[in-house]
Amino acid sequence: MRELLADVLAPTRYNVAAAVSAVALLVVAYVLVPHPYVQYGAWLVIFTVWMVWFVYLGVDHVYGIDADS
C-alpha cells in the first residue's frame, strides 16, 4: 500500500497542476473575492479537478497510459 501511495503522490506534472489549481482557486475565493457564491463555485471547480485527477490516476494505474509519456 505504501508503494502505491508513493507513486500516486509523486510530484508529477498532473499532481502539481491539480494542487496548484486548487490552491489558486482557494486564494481567489477566500482572499481576493471573499463572497459566498465565489467560494461555492471554487469548491465545485476544485471537486471537478479532483475527480478528473482521480479518474486519470485510476486509468493510468489500470492501463498504464503514463508509461508512454
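Checking [x] 41, 24, 17; [y] 34, 20, 19; [z] 38, 33, 18 against Cα extents along the principal axes in Å calculated from these atoms, the matching label is [x]. Relative contact order of the chain: 29 percent, from C-alpha pairs under 8 Å at least 6 residues apart in sequence. What angle, in degrees between 0 and 90 and rounded to the nearest 10, separates the Cα long axis of helix 36-63 from the longest principal axis of the Cα atoms of the chain? That works out to roughly 0 degrees. Helices in the chain, meaning DSSP H runs of at least 4 residues, each add -39500 (n - 2.57). Divided by all residues, the mean residue ellipticity at 222 nm is -24000 deg cm²/dmol. Extension gain, Val45 to Val31: 0.36 nm times the residue separation minus the Cα-Cα distance gives 3.4 nm.
Between the helical axis of 13-27 and the longest alpha-carbon principal axis of the chain there is an angle of about 10 degrees.
Coordinate-derived values only; no laboratory data. Please read all numbers here as calculations on a predicted model, not as lab measurements.
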